[in-house]
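What follows draws every value from the coordinates through simple rules; no lab data is involved. Quantities reported herein were computed from a predicted structural model and do not represent experimental measurements. Cβ coordinates were reconstructed from backbone atoms using ideal geometry, including for glycine residues, and neighbour counts include every protein chain displayed.
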Amino acid sequence: MTSFESLGLKSQLLNALKMMNFTEPTEVQQKTIPTILEGKDVTVRSKTGSGKTGAFLIPLMNKVAKEENQAVMVITPTRELALQVADVAKHLSEGSAVRIATIYGGASINVQIDILSRGSNIIIGTPGRIIDMMERRAIVPSDVKYLVLDEADTMLDMGFIEDIEFIISKLTNRSQTLLFSATMPTAVVKISEKYMKNPSHIVVGKEEEITVTTISHMYTVADYKDRMAALAAYIDVYKPDKAIIFVESKMDANRVYFALKDGGYNVALLHGGLSQSKREHSLSKFRQNIQFLIATNVAARGLDIADITDIINFGVPKDPNVYIHRVGRSARMGKNGRAVTIISGGQRYMLFDIEAIANIKFEKISLDIESYRGRFPEHERPRMPMYGTRRFGHPGFGRGGARDSYGGGRRQSFGHSRHGRPGHNNRGQGPRN
């Protein structure tokens, strides 16, 4: 068995790993860390929850010198993932002089500029805010030696491909590019072919395995009006220790949150209508002692929260890849997990696509929905959000904050439009982060 000691890491880093109770590298770390230490470009396709964050942070933190300002740039698709990667990096930097800056939308840009001005060896951030910092010259592109694209498939799904290409085009002095992804669609492969130098391609697990094999995939059928009853029945029968309930919209998130909260369940809420501070608070509480997190897809990618036993889909995700990344929040690091999807009678065909792409098989379960009808009478019909009222005056509810919906404002780059047309938004349809 390969050990961290056998990888030739610095003593400070080995001590930090011990303090984090990282005793042995995971498979993706065993295969990836030596290749990165050799200085090669790398593409890594590995299932969600397999330890990819450590696979790039550990070798890069071993390589970077304290006098190298802005030497490492890690790009993530969401602010939640940026914060999560930064948290791991800060633990790994214990006892060293390595400095870390985390930059993302929804937080004070002036504060982040001040952090960068004081010097940072590692920058972790989202595409939109990284470009903002480049335009303000708070980030010096020529200083970046090591570039990491984390959750590359997600960034392309979210419409960040032009942002990513723009950023890469400015990093002309980079010596190493690392691309990590749970899946390798054609668009991701094209990025690697265009911008990487003879990369080593590392695949962890069988090619056909996209989700971890320790997850049980189930579904149950309920009419639209009975979805809350089905949810309550599942909770009472299967008794999840810790679960994320994924919904398709902020309206549904609010509806399910208040229904469960009023029913006495221990719940937190996460969606793009919340301010960044409220989102961080919800995640912090969920990590500590909250049993259920009700979330839109803003939480589907990159969250690494220990001991999530169940993923509950309050409806079928339209994109099979969304399902794959949702269920990847459970069964982390080889643990067992369950995923259940509540569907209407006419949606069974949507599960066929998921089964084909994820190479899984759904098991149908029956729940005593009848016994739970009427438990949430006030919440059994979706209601329009009452922004500005006392109900939605609850902290974090309102018009402010990040958005789940796509779209972005006018953006120019270094004084000119990226497509040569004033005001043209070359950032596709990705959300601003």
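Using unit Cβ charges (K, R positive; D, E negative) and no other charged atoms, how large, in debye to the nearest 20, is the dipole of the stretch 5-203 about its Cα centre?
Details: 22 positive and 22 negative charges, 73 e Å.
The dipole of the stretch 5-203 has a size of about 360 debye.
Could you go through the stretch 190-204 in sequence order and give the Karplus-derived ³J(HN,Hα) for each residue, using 6.51 cos²θ - 1.76 cosθ + 1.60 with θ = phi - 60°, rounded to whole Hz, and x for Gly and Pro?
Coupling constants for the stretch 190-204: 5, 4, 5, 5, 7, 10, 10, 9, 6, x, 7, 9, 10, 10, 10 Hz.
Cut-off is 10 Å between beta-carbons; in what order do L149, L57, L156 appear when sorted fewest neighbours first?
Least crowded to most crowded, the residues run L156, L57, L149.
Enumerate the calculated ³J(HN,Hα) couplings along the stretch 97-110 in order (Karplus 6.51 cos²θ - 1.76 cosθ + 1.60, θ = phi - 60°), each rounded to whole Hz, writing x wherever the residue is Gly or Pro.
Each residue of the stretch 97-110 in turn: 9, 5, 10, 10, 10, 10, 10, 6, x, x, 10, 4, 6, 5 Hz.
Counting other C-beta atoms within 10 Å, which of E280, E193 has the fewest, and how do the rest follow?
Fewest to most other Cβ atoms nearby, the residues stand as E193, E280.
Restricting to the stretch 5-203, compute how many DSSP beta bridges are antiparallel as a %, nearest 5.
Just about 0 percent of them are antiparallel.
So if we plug the beta-carbon distance of S6 and V189 into 1/(1 + (r/R0)^6) with R0 = 35 Å, what FRET efficiency do we get, rounded to 0.05?
0.65
For the pairs K170/K318; K10/K31; K10/K190, flag any whose C-alpha to C-alpha distance is greater than 25 Å.
Numbers: K170/K318 35 Å; K10/K31 18 Å; K10/K190 35 Å.
From the list (K170/K318; K10/K31; K10/K190), the Cα-Cα distance tops 25 Å for K170/K318; K10/K190.
What residues qualify as long-range amide H neighbours of V74, i.e. H under 5 Å apart, gap of 5 or more or another chain, H built at 1.01 Å from N?
HN-HN under 5 Å from V74: I123, I124, G125, V148.
Average projected area of the Cα convex hull of the stretch 1-124, in nm²?
The Cα convex hull of the stretch 1-124, projected and averaged over all directions, gives 7.8 nm².
Total Lys pairs in the stretch 224-289 closer than 19 Å by alpha-carbon, pairs eight or more apart in sequence or interchain only?
The result is 9.
When E24, E165 are ordered from fewest to most other Cβ atoms inside 10 Å of their Cβ, what list results?
Working: E24 11, E165 14.
Fewest-to-most ranking of E24, E165: E24, E165.
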